[in-house]
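The values are calculated or read from the model by the stated rules, or taken from the named source; none is laboratory data. These figures come from a predicted structure and were not determined experimentally. Neighbour counts run over all protein chains shown; Cβ positions are idealised from the backbone, glycine included.
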Amino acid sequence: MLSDKKTTPKKVKDKKTPGKKPWGDDQKIEAVQTYVALGGNFYQTCKALSVPECTLKRWRKTQWWADAYEEIRQQDNVELSHKLKNIVARSLALVEDRLERGDFFYDQKTGQVVRKEVSLRDAHEVMKSSFQMKESIEKPPVAALEESSVNDKLAQLAKQFEQFAVTQKAKPAINVTDVVFIENKDDDNAN
């Protein structure tokens, strides 16, 4: 059973209304699913499920909510990825067909739909965008490269600071003495 216990201690005890049953696990999971489906809109979730705001606020602070939320989001991402994969496959098949057999064109003279060869400009655009997509898939993300290079630079700087600190400790201390020049009055009188 999904527990409604908060991770932090309660300051004020909730007064339970007599005759009300506790919320079931199915209702709690439905609340999380509705919350995700509504894009994280708290108030619409409350209205859609007729769950009091204070109850939903309490649920959102629990660990089971965070776990269920993450699991549902991952499931949505997998489903979306699968749908996008199907769309990409169908789109590529359509583009391939058009490149091989031509675009559909209504011939006014004959009154029929015929295929005409794809223009060079359109074929070039397809080739260019396909090449860019292929490169973006094959290359690692730039942010990951930048992050690793920044981490490497920071590590090098840390080593240099360590070496600098060690060399500063090894150098003998230099004592500075203030020197004050005083004019010799005897020298001025002798001249």
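Assorted remarks:
- Filter pass, Leu145 being modelled with pLDDT under 80, farther than 30 Å from Gly102 by Cβ and hydrophobic (A, V, I, L, M, F, W, C): yes
- Qualifying residue in segment 134-146 (condition: of a type in the set (S, T, N, Q), under 24 Å from the mean Cα position of the chain (by Cα) and assigned to a helix (DSSP H, G or I)): yes
- Against the criterion of being among the charged types (D, E, K, R), more than 29 Å from Glu79 (Cα to Cα) and either assigned to a helix (DSSP H, G or I) or at pLDDT below 90 (or both), Lys47 does not qualify.
- Meets criteria (loosely packed, with under 12 Cβ neighbours inside 10 Å and in the same structural domain as Trp23 (by TED's automatic domain parsing)) for Ser129: no
- Among residues of segment 43-62 that are without any contact (Cβ under 8 Å) to a residue 24 or more places away in the chain, those with a Cβ under 6 angstrom from a residue that is crowded, with 16+ Cβ neighbours inside 10 Å and of a type in the set (Val, Ile, Thr), sequence gap 6+ or separate chain, pair up as Thr45/Thr34; Ala48/Thr34; Leu49/Thr34.
- Annotation note: of Leu84, Leu38, the sole residue that is at pLDDT below 90, touching a Ser or Thr at 6+ places or on another chain (Cβ under 7 Å) and surrounded by 10 or more Cβ atoms within 10 Å (Cβ to Cβ) is Leu38.
- Given (1) part of a helix (DSSP H, G or I); (2) modelled with pLDDT under 85, number of the condition Ser91 does not satisfy: (2)
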